[in-house]
1. How large, in percent, is the carbon and sulfur part of the accessible surface of the range 15-153 at a probe radius of 1.4 Å?
2. Within the set of other residues whose C-beta is less than 14 Å from the C-beta of P26, count the net charge using Lys and Arg as +1 and Asp and Glu as -1.
3. Starting from the Cα gyration tensor of the range 24-70, take the square roots of the eigenvalues, sort them a ≥ b ≥ c, and report rounded, prolate or oblate (rounded when a/c is under 1.5, otherwise prolate if a/b is larger than b/c, else oblate).
4. Calculate the spin-label point distance for T122 paired with A86, positioning each point 7 Å from the Cα along the beta-carbon direction, and give it in nanometres.
5. Could you compute the FRET efficiency for A108 and V155, with r as their C-beta to C-beta distance and R0 at 25 Å, rounded to 0.05?
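The values are calculated or read from the model by the stated rules, or taken from the named source; none is laboratory data. Note that this is a predicted model, so its numbers are computed, not measured. Please note: Cβ atoms are built from the backbone with ideal geometry, for glycine as well, and neighbour counts cover all protein chains shown. For the accessible areas, the whole protein counts, side chains as well, though only heavy atoms, and no ligand, DNA or RNA atoms are used. Shrake-Rupley method; radii C 1.70, N 1.55, O 1.52, S 1.80 Å.
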Amino acid sequence: MRRLSLVLAVPAAFVLLSVTGAAGAPIAFQAENATIHRGIVASDHSGYTGTGFVDYDAISGSYVQFTTSTSLPGSMYLGFRYANGAAANRPMDITVNGVLVAHNVPFASTGSWDVWQVTAFTVPVSAGPIAVRATATTAAGGPNLDSLTFEVRPVAP
């Protein structure tokens, strides 16, 4: 049986999360514990998980970055839980370790700031540190970001 270890960097502390099994289990990282550039932690809408969510500033280039690591190469499922009460999309670029893996992901309207959806996709990863960044690409900023769920699915032997 393989063992997959994940490390989540949070302000002033490191939390070691262990996942046992060939593929591991999905892990949810709360956005309010990630690195936030030009946004705030808020709790003025219902339905979020954890202690709040990230409310991006209305500016292109604002971002939330999650940091972790994996001991096995494979494919990584990324699921961004968000709310967008605006009528227009709130597009974001997604990078993994500084490499653009998804450009202008729409983050479509959810109809209300209290309604949460998941936008998800899978990207390849190597063993080692992983930094996942969601960067707003328009002056409206990003959606409200609640969490990132991810799961590394190791390459078959």
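1. Accessible surface attributable to carbon and sulfur in the range 15-153 totals 55 percent.
2. Counting the neighbours of P26, the net charge comes to +1.
3. oblate
4. Inter-label distance under the simple model: 3.2 nm.
5. Computed FRET efficiency for A108 and V155 comes out at 0.20.
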